[in-house]
Amino acid sequence: MLNNSSGNTSSQQALLYQIIGQSVVGVIFIVGIIGNIMVILVVARTKSMRTPTNCYLLSLAVADCLALLSTTIPIQVDFHIQTGRWVFGEVGCRIIIFCQYTTTTASVLSITAFTIERYIAICHPMKAQTVCTVSRAKRIIGGTWGFSLVYNSPWLFFVKITTNNSKIPICDFSLDRKHYIVIYMCDLMLLYVSPLLLTCVLYGLIGRMLFRNLTPGGHNDSAKRSSSRVQVMAFVTECRDRIYKAFLKKFSLLLS
């Protein structure tokens with residue numbers, strides 16, 4: 001009797017944790033989709049917003065929307081049917097995993113391109129007039145997405161539908177997991193370590209430039225400098241968090 005009671009309590013707690021977790025995921029999904037769509041609409045419809053910086057933010061918003069769709073929907077479907085069965089088929093398995101990795105790559109590279117553009121604009125303002133243009137930003141974004149698609153195209157062939165011990169179909173690796181170590185090491189260096197180091201270095205140089213060029217100018221200049229510092233520090237934190245989350249998402253399939 002006691003064992004049954006303990007088992008029921010554990011099941012209820014597990015269900016409660018699942019409900020709370022899925023509720024949080026649902027809120028993140030709704031807020032993320034609405035926020036990113038608003039960014040896309042504002043930048044796309046407002047001519048004055050079509051700057052190089054906002055072009056990179058637009059690319060980042062598109063990547064985030066696709067990442068939310070490809071990541072959250074399978075999780076929510078699995079929670080509601082409560083079977084652990086992959087219901088999207090073989091094609092869905094390949095496309096969803098491919099989309100998850102492609103959007104992660106595009107997101108990280110968009111942040112990196114944004115960081116480089118900000119560095120040039122702040123530390124080399126004369127050069128920025130010819131380098132930091134909308135047309136160049138569009139070409140860089142096109143190259144970023146093109147590289148992301150090509151780089152992650154092997155994932156269309158690296159996953160397939162298999163069955164677990166309970167004979168339930170799941171989306172899993174098509175090869176033994178040990179063969180993927182090279183892929184994940186490349187991802188680690190190319191899409192986490194390198195962008196993170198570059199971002200830290202460039203924002204360090206930006207911060208040094210802002211703090212070094214302190215000239216007397218009254219309260220207004222002081223307020224502007226303070227605002228610039230806050231914006232830089234806030235974006236550094238945002239970049240760090242986004243790259244870290246992208247790294248975790250990139251390795252989630254290996255650990256599952």
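Miscellaneous remarks
- Residue ID - modelled with the lowest pLDDT, chosen from residues in segment 179-238 that are of a type in the set (Phe, Trp, Tyr) and closer than 18 Å to Glu117 by Cβ: Phe235
- Number of positions in segment 173-188 that are in a helix (DSSP H, G or I) and either farther than 15 Å from Tyr101 by Cα or touching a residue at least 40 places away in the same chain (Cβ under 8 Å) (or both): 9
- Of the helices (runs of 4 or more DSSP H) lying entirely inside segment 122-172, those containing at least 1 residues that are in contact (Cβ under 8 Å) with a residue 40 or more places away in the chain and crowded, with 17+ Cβ neighbours inside 10 Å span 134-152, 155-158.
- Every pair of residues 6+ apart whose Cβ atoms lie under 6 Å, when the first sits in segment 30-52 and is under 24 Å from Ile140 (Cβ atoms) and in contact (Cβ under 8 Å) with a residue 60 or more places away in the chain while the second is of a type outside the set (S, T, N, Q) and not in a helix (DSSP H, G or I): Pro52/Cys132
- Residues within segment 19-42 that are modelled with pLDDT of 90 or more, among the β-branched types (Val, Ile, Thr) and surrounded by 12 or more Cβ atoms within 10 Å (Cβ to Cβ), tallied: 6
- Scanning segment 114-140 for residues that are among the charged types (D, E, K, R) and farther than 19 Å from Tyr203 by Cβ, we see that the one that is farthest from the chain's Cα centre (by Cα) is Arg136.
- Here Arg94 clears all of (1) assigned to a helix (DSSP H, G or I); (2) charged (D, E, K, R); (3) over 20 Å from the mean Cα position of the chain (by Cα) except the condition numbered (3).
- Lone unmet requirement of (1) farther than 21 Å from Ala63 by Cα; (2) surrounded by 11 or more Cβ atoms within 10 Å (Cβ to Cβ); (3) out of contact with any strand residue (DSSP E or B) (no Cβ under 8 Å at 6 or more places or on another chain) for Met185: (2)
The values are calculated or read from the model by the stated rules, or taken from the named source; none is laboratory data. Nothing here was measured: the structure is a model prediction, and the numbers come from that model. Cβ atoms come from the backbone with ideal geometry, glycine included; neighbour counts cover every protein chain shown.
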